[in-house]
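Enquirer: Can you keep this structure in mind? I'll have questions shortly.
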Amino acid sequence: MVRRTREREVQHSEDQVAPVEPATAVPDTGDADRTAKRAVTVFPLLVLGAGALGMLLPSAFAEGRTAVPYLLGVVMFCMGLTMTAEDFQGVVKRPWAVALGLVAHYVIMPGLGWAIAELLDLPPALAVGVILVGCTPSGTASNVVTFLARGDVALSMSVATVSTLIAPLVTPYLVLLLAGHMLDVEAGPMVVDILKTVLVPVVAGLLVRRLAAALVRRCLPALPWLSAGTVAVIVLIVVAASASALKDAAAIVLLAVVLHNAFGLALGYGAARLARLDPAASRAMAFEVGMQNSGLAASLAATYFTPLTALPAAVFSVWHNLSGAVVAAWMNRRSPQAG
């Protein structure tokens, strides 16, 4: 597989980042790096602050649970606005690599979620929450972290795009398969909800970009921060709705999330290397497997289960961005292109 040049990689990520990197045009690699690093630093801190506020003032925000699906729709609409035709061309150009990413993502993370829930003997509500996180598509920050790690951004975007588009057909039935014996899982209604809150907004964003490309390009710098703020509000509501339970379950939830994310990153990278993908593609695969759309998991948990079930998603939203930034920095230093 021919590695893209660094200049091509920067140009692609400027135009194509998912909703956590400010998509400002940058004249050189150094500015792009600084922009991306600022985003992956500020975003988890923003989410962490929102969670703390939810803990301090739960009664003020707990009733906002019904707004969570609509807030997720805003995030996914912004994601659709950042997509271009190149994300889909990548599927045609490298179908084997994209297929490997999809299989790895939807096998490794759901399987890890189930295994960790069993290993830690989590109560059903938390176990389903961990499994639900594992069954969602790639995280919206994965391509930014791939960029920081000097990974294959084009492959990252292709896997993230397709994993999101097939989520309505995959996520509900994986949750039913792995967690149906723990709590009642309404797979059919869940399919409809994912279509409404994920697929429809993403397609709408794609259409708007197609019809008003010049206007969308002018708005791109604001979109990542709008998405980041919206995810923070989702975490605020989720934490507020289960603040009392979080005090008792915080340690075990954090342990489950750290294990889930760490093994996901490691196994994603390992699967790519076993398949003989090059180092840049392997770095992309690590983040596409190990980082999840925790906003979708929180929305589904709040709608179909209990506030406690949404806690793993809220914690994952903070943790995977922090760990992703750290791992990306480490990979960046080890890359032959670094320096």
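Enquirer: Residue check: is Val159 open to solvent by less than 10 Å² (accessible area, probe 1.4 Å) and modelled with pLDDT under 90?
Expert: Considered against the rule, which asks whether it is open to solvent by less than 10 Å² (accessible area, probe 1.4 Å) and modelled with pLDDT under 90, Val159 comes out as no.
Enquirer: Still on this model: Return the pair list, or none, for Cβ contacts closer than 7 Å from residues in the range 147-159 that are closer than 17 Å to Trp96 by Cβ and of a type in the set (Val, Ile, Thr) to residues that are at pLDDT 90 or above and open to solvent by 10 Å² or more (accessible area, probe 1.4 Å), at least 6 apart or on different chains.
Expert: As it stands, the answer is Val159/Leu102, since those pairs meet every condition given.
Enquirer: Now for a separate question. Taking into account only those residues within the range 280-329 that are assigned to a loop (DSSP other than H, G, I, E, B) and within 17 Å of Ser142 (Cβ to Cβ), which is modelled with the highest pLDDT?
Expert: Met291
Enquirer: Please verify whether the range 71-85 includes one or more residues that are surrounded by fewer than 16 Cβ atoms within 10 Å (Cβ to Cβ), farther than 30 Å from Phe263 by Cβ and modelled with pLDDT under 85.
Expert: Yes, there is a match, as at least one residue in the range 71-85 is surrounded by fewer than 16 Cβ atoms within 10 Å (Cβ to Cβ), farther than 30 Å from Phe263 by Cβ and modelled with pLDDT under 85.
Enquirer: Would you confirm, using the coordinates I've provided, whether Val128 is in contact (Cβ under 8 Å) with a residue 60 or more places away in the chain and surrounded by fewer than 24 Cβ atoms within 10 Å (Cβ to Cβ)? Please lay out each step first, then the result.
Expert: Details: in contact (Cβ under 8 Å) with a residue 60 or more places away in the chain: yes; surrounded by fewer than 24 Cβ atoms within 10 Å (Cβ to Cβ): no.
When the stated conditions are applied, Val128 does not pass them.
Enquirer: Looking at (1) open to solvent by 20 Å² or more (accessible area, probe 1.4 Å); (2) modelled with pLDDT of 80 or more; (3) of a type in the set (A, V, I, L, M, F, W, C), which one does Ala50 not meet, given that it meets all the others?
Expert: (1)
Enquirer: On to the next question. Looking at Val74, Val91, Val130, which is the one that is out of contact with any Leu (no Cβ under 8 Å at 6 or more places or on another chain) and part of a helix (DSSP H, G or I)?
Expert: Exactly one of Val74, Val91, Val130 is out of contact with any Leu (no Cβ under 8 Å at 6 or more places or on another chain) and part of a helix (DSSP H, G or I), namely Val91.
The values are calculated or read from the model by the stated rules, or taken from the named source; none is laboratory data. Owing to the predicted nature of the structure, the values given are computational and were not obtained by experimental measurement. Heads up, the Cβs are rebuilt from the backbone with ideal geometry, glycines too, and the neighbour counts pull from every protein chain shown. Each accessible area value is taken on the protein alone, full model and side chains, heavy atoms only, with ligands, DNA and RNA left out. Shrake-Rupley method; radii C 1.70, N 1.55, O 1.52, S 1.80 Å.
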